[in-house]
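One structure is given below, encoded as structure tokens.
The values are calculated or read from the model by the stated rules, or taken from the named source; none is laboratory data. Since the structure is predicted, the reported quantities are computational estimates derived from the model, not experimental observations. Positions of Cβ are backbone-derived with ideal geometry, glycine not excepted, and every protein chain shown enters the neighbour counts. The protein model used for the area step is the full one, side chains on, heavy atoms only, and it has no ligands, DNA or RNA in it. Shrake-Rupley method; radii C 1.70, N 1.55, O 1.52, S 1.80 Å.
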Amino acid sequence: MLLLRGHHLICLNFFNGEGYDEAFIENLKHTLNLAEKEMITVSSCADNVCASCPNLKQNKCQYEENAEESIQQMDAKALALLGLSYNDQIGWDTLKNRIPEIFSEWFSLYCKECNWRGVCEKDAFYRKLSGR
């Protein structure tokens, strides 16, 4: 079963081959490949992307202090914007089609201060949506 948490439902759309390390990048490629073939189940905690993250400790994000709490709030906002709830299932194409509708609000809330912004800005879909 493919599990993705809220913010990954949005941010994974802008993956372009970069990440923490080679294992993480390969896992992202594999996760995207699965997403294009099977239904995604919305997760309320660590998911398929988190599985290979070097910051995942005891099934919680330890990227920085209070990271897990911040991510859970971000996940909840992503689900509200996308009209989804935990344990819902959605196809990748349906999800990708919703991104343009919600991107402006997502960008203003999260992208401006995100540490990954420079990576996303290399992605053509991100640039199109952000007007860059």
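At a glance:
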quantity	calculated
Relative contact order for region 39-132, counting Cα pairs under 8 Å that sit 6 or more residues apart, in percent	30 percent
Approximate spin-label separation residue 86-residue 113, in nm, with each point projected 7 Å along Cα-to-Cβ	2.4 nm
FRET efficiency for residue 69 and residue 1, using Cβ-Cβ distance with R0 set to 25 Å, rounded to 0.05	0.45
Lysine pairs in the chain with Cα atoms under 20 Å, if 8 or more residues apart or on separate chains	11
Surface per residue (accessible, 1.4 Å probe) for region 44-105, Å²	59 Å²
Region 94-117-region 35-72 distance, computed between alpha-carbon centres (Å)	18 Å
Highest-MSF residue in the chain out of 62, 72, 89 [GNM, Cα springs under 10 Å]	62
Protein accessible area in the chain, 1.4 Å probe - carbon and sulfur %	47 percent
